[in-house]
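Worksheet for the structure shown next.
The values are calculated or read from the model by the stated rules, or taken from the named source; none is laboratory data. Please read these numbers as outputs of a predicted model, since none were measured by experiment. Because the Cβ atoms are built from the backbone with ideal geometry, glycine has one as well, and the counts that use them run over all protein chains shown.
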Amino acid sequence: MKFIIKESETVEKAVSLGLEELKADISEVEIEIVQEPSRSFLGILSKNAKVKITVIDGPKEKAKDFLQTLFEKMDIECDFSVELNDDVLNIHVNRIDPDDKGILIGKRGKNLDALQYLLSLVINKDRQDYVRTIVDVENYRAKREETLVRLAHKMADKSRYYNKKVRLEPMNPYERRIIHSALQGEKDIITYSEGEDPYRKVIIDVK
């Protein structure tokens, strides 16, 4: 388990500094007072407070417990890593059977998005600071992004050729942003979205 030792003028301030460095809520840690602050007979601080703060139920721990239980229930054998950097929790699933991989990702990533959403709810329950959660399976998201970028340029060419708007299939917000971003540098092309989720679509048109 991850822990740090912090010193400050008071126990409260040492704990606050530790929580900030660990990016943890107080409900996720165990605190041990290693040393109480003390002052000399003149009232001058002679010893700082020292505390040991151990993460026992943080985002990484919650993610590992959730995924291990889920994969056991689904009878899926795989490896996965969990990394927390700057309030972003990245989960990478590897060494997974192709059939299980297809089930976990689902059609156009719908199952993967659902898993990511559920895990985000688990991670952020009762937390004050939101942790963004990203789940990927054998670099599926990077491959999907490449596919969407190619599709965006192909459909932009089609819009130019026929001089009319092109409607893409319904996409989630993340995928729609990829399309918009891929074509934002095209001076003769505009993109916008229409409809309501989960049927919201990107429209590509000539200016």
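In the set 169, 196, 186, 175, only one residue is surrounded by 14 or more Cβ atoms within 10 Å (Cβ to Cβ) and either assigned to a loop (DSSP other than H, G, I, E, B) or of a type in the set (A, V, I, L, M, F, W, C) (or both); that residue is 186. Against the list (1) of a type outside the set (A, V, I, L, M, F, W, C); (2) over 26 Å from residue 123 (Cβ atoms); (3) exposed (fewer than 14 other Cβ atoms within 10 Å of the Cβ), the condition residue 50 fails is (3).
As a summary of the residue check, residue 84 satisfies the conditions (1) in contact (Cβ under 8 Å) with a residue 24 or more places away in the chain; (2) exposed (fewer than 15 other Cβ atoms within 10 Å of the Cβ); (3) in contact with a Gly (Cβ under 8 Å, 6 or more places away or on another chain) except for the one numbered (2). Kindly indicate whether any position in region 125-138 is of a type in the set (Ser, Thr, Tyr), loosely packed, with under 15 Cβ neighbours inside 10 Å and under 20 Å from the mean Cα position of the chain (by Cα). Among the residues of region 125-138, at least one is of a type in the set (Ser, Thr, Tyr), loosely packed, with under 15 Cβ neighbours inside 10 Å and under 20 Å from the mean Cα position of the chain (by Cα), which makes the answer yes. The residue pairs whose first member lies in region 12-35 and is more than 25 Å from residue 125 (Cβ to Cβ), whose second member is in a helix (DSSP H, G or I), and whose beta carbons are closer than 8 Å, counting only pairs six or more residues apart or on different chains, are 33/11. Inspection of region 87-105 finds a residue satisfying the criterion of being surrounded by 12 or more Cβ atoms within 10 Å (Cβ to Cβ), modelled with pLDDT of 95 or more, assigned to a loop (DSSP other than H, G, I, E, B) and in contact with a helix residue (DSSP H, G or I) (Cβ under 9 Å, 6 or more places away or on another chain).
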